[in-house]
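So the structure is just underneath, and the comments pick up after that.
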Amino acid sequence: MTTIPIKRALLSVSDKTGVVDLARTLAGRGVELVSTGGTAKALRDAGLDVRDVSDLTGFPEMMDGRVKTLHPMVHGGLLAVRDDPAHAAAMAEHRIGAIDLVVVNLYPFAQTVAKGAERDEIIENIDIGGPSMVRSAAKNHAYVAIVTDPADYAIVAKGETDLAERKRLAAKAFAATATYDAMIASWFGFADQRELFPATLPFVLQAPTVLRYGENPHQQAAFYNHAGPATPGIGQARQVQGKELSYNNLNDADAALELVSEFRDAAPSCVIVKHANPCGVATAATLAEAYEAAFACDTVSAFGGIIALNRTLDAATARAITGIFTEVVVAPDADEEAIALFAAKKNLRLLLTGALPDPARGGLTAKSITGGWLVQSRDNGQITDEMLKVVTKRQPTAQELADCRFAWTVAKHVKSNAIVYAKDGSTAGVGAGQMNRLESARIAAWKAKDAADKAGWAAPRTIGSAVASDAFFPFADGLLAAVEAGATAVIQPGGSIRDAEVIAAADEAGLAMIFTGMRHFRH
């Protein structure tokens, strides 16, 4: 059967948006309405004639509404294969009437968890009858239409459905119950049982945005949101203007947001990212000054980069940013003058997040590999004063210590092997993604010298800087490259079998060196 008229509809919804209008339209087409609990009351209050499910089943709703639709008179009407003689005979023998349309959305489980409800209330918001009806109707979509989203009411309001429509609705319905069950399983595993890695890891994403292509034009790509409550981030940001975001834009913007969030409680800060690596980071008295300092670190890489700010974008900063080509700007907010200035750059994307994520938040990250997934807890490690251990004869000055902390924060977000020079709250040079630490140290120093040459400075900012290494120096050579670049203080995890050799080299050079005891590999 292709087109099936709707003669009887069962409506039972938690979200009652639009359901009265749908029911009124269906009733006007002669559709018999069957409903339960609060939905039946809402329809009656609107003056509609509604039949209770208990009239169908011969049993009252019981056990605080836990049992009302779990009955053969309901599921027989949903699951019967209409043109199967045996099914038709069973329907006739037991006086089971066919149900042509089910409109269901489920108890608000995720919303109940999000508001911090007690365990008993959370358990009561696990829907049983709803998913059962959804799955029954979706399985029998050859004859029954199932609607789980108010956005789809228009499809069934015309009083009939065709097979193609029912297939689409069934696919959406199974996705809805899969998402619902995954959220419940996640809550039981992570929140209720306190398991970091449950035996089964529900991984549900929804609402895809199809992108123009992936990392390269021959690849296809889409962006999916997490099901349920989400951390403020790029996926939830409001795009004020600019071209459609690409796969690489989203990836780089996320890297920039994650790093600038480390400074969410700091002075005005700016992060410039290129290919997921920071090429300039600075804090200053104003956002505009922070941008100029970050930009000066690497004016070549900043071209076509991604900028993230930790404060409301103002006109002075917006004016400075428009001086070169920039792909994306991310900020918690922007004032009207800044938005007006950006409007002249029609391709520049402006994303407003409303808030910055907590860099210390928990959670998992996942990466697909051949045959499975690698899953780990987020790198939310933060260094404390108690963790810092000065291992050299010379103690760092207050400024060196501040620059060490700053460089360490940036290095956490640089691809390994990572070396970051910093001075006076700005990056001086960044060495990323090399196969050995010595080369990263040399590249970062070379970039700092190049920046000084372009700016006309008397000396590169590595002179008198602090240098951070995301992992220990396995040999003294990387440290000596930093000495050659002019660094006077070093911060690194320590833990190498050659720590004594590295410490001795630092002492000989007159450096102050701090061990953190924490590594920040990023691959």
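Throughout, read-outs are computed from the coordinates displayed, never taken from laboratory work. What you see is a predicted model, and the numbers here were worked out from it, not measured in a lab. Virtual Cβ from ideal backbone geometry, glycine too; neighbours counted across all protein chains shown.
Here is how the numbers come out for the structure above:
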{"quantity": "At 1.002 mPa s and 20 °C, Stokes diffusion of the range 106-183 via Kirkwood alpha-carbon radius, µm² per second", "calculated": "159"}
{"quantity": "Diffusion coefficient, µm² s⁻¹, Stokes-Einstein with Kirkwood Rh over alpha-carbon pairs of the range 279-340 at 4 °C and 1.567 mPa s", "calculated": "113"}
{"quantity": "Cross-link pairs beyond the 20 Å C-alpha cut-off, checked among 274/412; 16/167; 243/274; 115/172; 274/415; 367/412", "calculated": "16/167; 115/172"}
{"quantity": "The range 317-440, Rg to Rh (Cα coordinates; Rh as Kirkwood inverse mean 1/r)", "calculated": "1.05"}
{"quantity": "³J(HN,Hα), Karplus 6.51/-1.76/1.60, whole Hz, each residue of the range 89-100, x for Gly, Pro", "calculated": "5, 5, 4, 5, 4, 9, 6, 8, x, 5, 10, 9"}
{"quantity": "All aspartates and glutamates inside 15 Å of residue 454 as judged from Cα atoms, apart from same-chain residues fewer than 8 positions distant", "calculated": "292, 298"}
{"quantity": "Trypsin sites (Lys or Arg not before Pro) restricted to DSSP loop in the range 453-516 with at most 10 other C-beta within 10 Å", "calculated": "none"}
{"quantity": "Net dipole in debye of the chain [+1 Lys, Arg Cβ; -1 Asp, Glu Cβ; about Cα centre; nearest 20]", "calculated": "820"}
{"quantity": "Dipole magnitude (debye, nearest 20) for the range 14-68, charges at Cβ of Lys, Arg, Asp, Glu", "calculated": "80"}
{"quantity": "Calculated FRET efficiency for the pair residue 230/residue 458, C-beta based, R₀ 60 Å, to 0.05", "calculated": "0.80"}
{"quantity": "Burial order of peptide ranges 140-147, 309-316 (average beta-carbon count within 10 Å, highest first)", "calculated": "140-147, 309-316"}
{"quantity": "Convex hull per residue volume in Å³, alpha carbons only, for the range 384-444", "calculated": "98"}
{"quantity": "Cα principal axis extents for the range 26-70, largest first, Å", "calculated": "34, 18, 12"}
{"quantity": "Computed magnitude of the charge dipole of the range 475-523 (debye, nearest 20; Cβ of K, R +1, Cβ of D, E -1)", "calculated": "320"}
{"quantity": "Residue 386-residue 168 FRET efficiency (beta carbon distance; Förster radius 60 Å; 0.05 resolution)", "calculated": "0.55"}
{"quantity": "Debye log10 I(q)/I(0) at q = 0.13, 0.24, 0.31 Å⁻¹ for the range 63-121, Cα point scatterers", "calculated": "-0.53, -0.98, -1.23"}
{"quantity": "Burial order of peptide ranges 167-177, 270-280, 296-306 (average beta-carbon count within 10 Å, highest first)", "calculated": "270-280, 296-306, 167-177"}
{"quantity": "More than 29 angstrom apart: percent of Cα pairs within the chain", "calculated": "62"}
{"quantity": "In the range 102-145, the GluC sites (Glu not before Pro) that fall in loop regions by DSSP, at most 14 other Cβ within 10 Å", "calculated": "118"}
